[in-house]
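*Asks:* Take this structure, written in structure tokens, and hold onto it; I'll ask about it next.
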Amino acid sequence: IDLGKPADQVYLLLYGTGIRGFSSLTAVTATIGGVDVPISGAGASSQYAGLDQVNLGPLPRSLAGKGTTSLVLGVDGRTANSVAVNFQ
């Protein structure tokens, strides 16, 4: 993921299942390489039946150049399997 120029805002969209039943948006959390990432939205995907979508961002500039690191998503205290993301 290239975070672009310093003034750019970059968002990351995640798709999965079992997310839409969350208790509140504040109960949806994400960390990338130990850095808390804001959740700008979560719920059923309007484009893909049966899939849920989580919008992360804007991604913190501190992730630039981090290389491959883990992204961890949590919903109502339950943690999903981590995924690897790579930052240029």
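The values are calculated or read from the model by the stated rules, or taken from the named source; none is laboratory data. From a predicted model like this one, the values you see are computed outputs, not experimental measurements. So basically every Cβ, Gly included, is an ideal-geometry build from the backbone, and we count neighbours across all protein chains shown. With ligands, DNA and RNA removed, areas are computed over all heavy atoms of the protein, side chains included. Shrake-Rupley method; radii C 1.70, N 1.55, O 1.52, S 1.80 Å.
*Asks:* Going through ALA42, ALA84 one at a time, which residue ends up being in a strand (DSSP E or B), within 26 Å of ALA7 (Cα to Cα) and touching an Asp or Glu at 6+ places or on another chain (Cβ under 8 Å)?
*Replies:* Matching residue, one of ALA42, ALA84: ALA42.
*Asks:* Do we find that VAL85 is surrounded by 13 or more Cβ atoms within 10 Å (Cβ to Cβ) and touching a helix residue (DSSP H, G or I) at 6+ places or on another chain (Cβ under 7 Å) in this structure?
*Replies:* It is false that VAL85 is surrounded by 13 or more Cβ atoms within 10 Å (Cβ to Cβ) and touching a helix residue (DSSP H, G or I) at 6+ places or on another chain (Cβ under 7 Å).
*Asks:* Condition first: open to solvent by 70 Å² or more (accessible area, probe 1.4 Å) and closer than 13 Å to LEU71 by Cβ. Now tell me which residues in the range 36-52 satisfy that.
*Replies:* Of everything in the range 36-52, just one residue is open to solvent by 70 Å² or more (accessible area, probe 1.4 Å) and closer than 13 Å to LEU71 by Cβ, namely ASP36.
*Asks:* From the list GLY67, GLY33, GLY50, GLY57, which residue is more than 14 Å from the chain's Cα centre (by Cα) and within 23 Å of LYS5 (Cα to Cα)?
*Replies:* Being more than 14 Å from the chain's Cα centre (by Cα) and within 23 Å of LYS5 (Cα to Cα) holds for just one of GLY67, GLY33, GLY50, GLY57, which is GLY67.
*Asks:* Restricting to the range 45-81, name every residue that is in a strand (DSSP E or B) and either of a type in the set (Phe, Trp, Tyr) or farther than 12 Å from ARG20 by Cα (or both).
*Replies:* ASN55, LEU56, GLY67, THR68, THR69, SER70, LEU71, VAL72, LEU73, GLY74, ARG78, THR79
*Asks:* Suppose we keep only residues that are open to solvent by less than 70 Å² (accessible area, probe 1.4 Å) and polar (S, T, N, Q) within the range 2-35. Which one would you say is farthest from LEU71 (Cα to Cα)?
*Replies:* If we take residues in the range 2-35 being open to solvent by less than 70 Å² (accessible area, probe 1.4 Å) and polar (S, T, N, Q), then SER24 is farthest from LEU71 (Cα to Cα).
*Asks:* Considering only residues that are out of contact with any strand residue (DSSP E or B) (no Cβ under 6 Å at 6 or more places or on another chain) and part of a loop (DSSP other than H, G, I, E, B), look in the range 18-39 and name the one that is modelled with the highest pLDDT.
*Replies:* PRO38
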